[in-house]
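**Q** Submitted below is the structure of interest, expressed as structure tokens.
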Amino acid sequence: MTTQKTFLAVKPEAFARKDGAGIIQMLTELLPDAKCVAMKIYQPSDELARNHYAALSDKPFFPDLIKSFTAGPIIGMVWEADNIVARARDAMGATNPEAAADGTIRKKYGKHIGDNAIHGSDTEPGSAEREIKIHFPDANFAPITNPVAKVNELLLAAN
């Protein structure tokens, strides 16, 4: 196996519901050998969202996707482990929370397909690298010992 990185983000609706720490706790439980190597809270700009979702720009739902992703702050993260992209997608569950398996993040925290709580890079080659460059262009990656404590620290600083 090869160590890889993936981009994950707690989406604005889940952030507003204060689900971030719970989602990150689930990530640590479902991906026990993975390391969170970057984390920040920020409001995505329209430009960032359009770059992030560029592959979907021809889809009829693209404007709603951009509006949703820029509706409020997100918790952007980079996680690292063997085969992390596919494993993180499994931990998140199906895009539609109603179809997500029990024990997945979207099953627990997602409300409907337009509010599915978390984004993760897809398995298309190069997708994770592209998203990481968009969201963390100048990052110096280093393991975060306790991602739940880190998000709580960031949330306190943001208030």
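**Q** If we count other beta carbons within 10 Å of each Cβ, what is the order of Val37, Val151, fewest first? Present the calculation step by step, with values, prior to reporting the outcome.
**A** Numbers: Val37 20, Val151 24.
Ascending Cβ contact count within 10 Å gives the list Val37, Val151.
**Q** Could you work out how far the C-alpha centroid of segment 83-159 sits from that of segment 13-39, in angstrom?
**A** So the separation of the two Cα centres works out to 7 Å.
**Q** Of the peptides 129-140, 52-63, how do they stack up when ordered by the mean number of other Cβ atoms within 10 Å, highest first?
**A** Ranked by mean Cβ neighbours within 10 Å, highest first: 129-140, 52-63.
**Q** Number of Lys-Lys pairs in the chain under 18 Å by Cα, sequence gap 8 or more or different chains?
**A** Lysine pairs satisfying the spacing and distance rule in the chain number 19.
**Q** Which order do peptides 111-118, 10-17, 40-47, 66-73 fall in by mean Cβ count within 10 Å, highest first?
**A** Details: 111-118: 18.2, 10-17: 21.0, 40-47: 14.1, 66-73: 16.8.
Put in order of decreasing packing, that is 10-17, 111-118, 66-73, 40-47.
**Q** Give me the one-decimal nm value for the distance between modelled label points at Asn146 and Ser45, 7 Å along each residue's Cα-to-Cβ direction.
**A** Result: 3.5 nm between the two label points.
**Q** So between Leu155 and Ala16, what do we pick up on full extension, going 0.36 nm a residue minus the alpha carbon distance? Spell out each step's value before the answer.
**A** Details: separation 139, 0.36 × 139 = 50.04 nm, distance 1.14 nm.
So the chain would gain 48.9 nm between Leu155 and Ala16.
**Q** Cα atoms only: what Rg and Dmax, in Å, come out for segment 63-115?
**A** Spelled out, the Cα radius of gyration and Dmax of segment 63-115 are 12.5, 34 Å.
**Q** Just to check I understand the Karplus step: with θ = phi - 60° and J = 6.51 cos²θ - 1.76 cosθ + 1.60, what whole-Hz values come out for segment 110-122, glycine and proline as x?
**A** Going residue by residue, I get x, 9, 6, 4, x, 9, 9, 6, 9, 10, x, 3, 7 Hz, with x marking Gly and Pro.
**Q** Work out how much length Ala54 to Ala99 would gain on full extension: take 0.36 nm times their residue separation and subtract the Cα-Cα distance, in nm to one decimal. Provide the component values of the computation, followed by the final result.
**A** Working: separation 45, 0.36 × 45 = 16.20 nm, distance 2.55 nm.
Contour length minus the Cα-Cα distance gives 13.7 nm.
Here, each number is a calculation from the coordinates, and none is a lab measurement. Not measured: the values here are computed from a predicted model. For neighbour counting, all protein chains shown are included, and Cβ atoms are generated from backbone atoms with ideal geometry for every residue, glycine included.
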